[in-house]
Amino acid sequence: MDADAFRDAVEDAKQTELDRLGSSKLLIALTEADLSEPAVLRAAAFSEHAARETFSEWAADEAVDSARAAFESTAEQEAEHLQRVLERHDEDIELPDEPGPMHAYLRGRDDTIERVAAGMVGRGVVSLRTHTQVISFFINEADPAGADLFRDLKRETDATLTTGLDLLDDLCESDEDWERAQMVAEYVIQVAYDDYADGLAELGVDPKPLC
């Protein structure tokens, strides 16, 4: 397997979950049905904050030089993303001390391949869909500056995902390595989807698309 085949395999295996995470219902779940700009920005800030903390923790104890450098760079990028989101918000946002389910799972990874596959690839494909929905929100609000901000964040997130795929090409030396990477990447998508579906269920909303 190589990086391109790996991404295809992960996205194919989790196509249903990713399609639903990429729907307009995502912001309903993330904001608890408060589709206002402050609530959307708060949800985005929470996501960037959690990612910054996860990658900072990994960078502090990662033994593989190439992965540590990638984690450090990603942590810096997420910190910049967080600052840019906070600057859009009129009021201070109290950032949570504890991670949500996805980042709690990620922070439990101590194997380099699993960290890259789950954190940079699995989380990456979820984050791209989140950014897409936030961009759509600002387009619908006739706010081109807000849409452009999240287009920038999405583009940089996509670059991080590509870095993760390149790292996996270097790190995975056997079919077993690729299988382990695929398992954790798919699992982190499943965790994100379950959290999304649970959030909608609490609001009485069905996560399945309308037919």
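At an R0 of 45 angstrom, the distance between the Cβ atoms of Ala33 and Arg84 translates into a FRET efficiency of 0.95.
Placing pseudo-labels 7 Å out from each Cα toward the beta carbon at Thr162 and Gln190 gives an inter-label distance of 3.1 nm. In the context of the full set of protein chains, residues of the chain present 49 Å² of accessible surface per residue (probe radius 1.4 Å, heavy atoms only). Taking 41 Å as R0, compute the FRET efficiency from the Cβ-Cβ separation of Leu203 and Glu176 and round it to 0.05. So the FRET efficiency works out to roughly 0.50. The alpha-carbon positions of the chain define a convex hull whose volume is 114 Å³ per residue. Listed by chain and number, the aspartates and glutamates whose C-alpha is less than 18 Å from the C-alpha of Lys25, apart from same-chain residues fewer than 8 away, are Glu17, Asp34, Glu37, Glu141, Asp194, Asp195, Asp198, Glu202, Asp206. Stretching the chain fully between Glu141 and Glu91 yields a gain of 16.0 nm (0.36 nm per residue, less the alpha carbon separation). Once the chain from Ala69 to Ala5 is taken as fully extended at 0.36 nm per residue, the excess over their C-alpha distance is 20.6 nm. Centre-to-centre separation between the Cα atoms of segment 159-211 and those of segment 2-28: 7 Å. Rounded to the nearest 10 degrees, the angle from helix 123-140 to the longest Cα principal axis of the chain is 20 degrees.
Here the accessible area is traced with a 1.4 Å probe on the protein chains. For the chain, carbon and sulfur cover 45 percent of it.
The values are calculated or read from the model by the stated rules, or taken from the named source; none is laboratory data. Predicted, not measured: the structure shown is a model, and the values here were computed from it. When we count neighbours, we look across all protein chains shown, and the Cβ atoms used for this are built from the backbone with ideal geometry, even at glycine. Accessible surface is based on the protein model in full, side chains and every heavy atom, while ligands, DNA and RNA are left aside. Shrake-Rupley method; radii C 1.70, N 1.55, O 1.52, S 1.80 Å.
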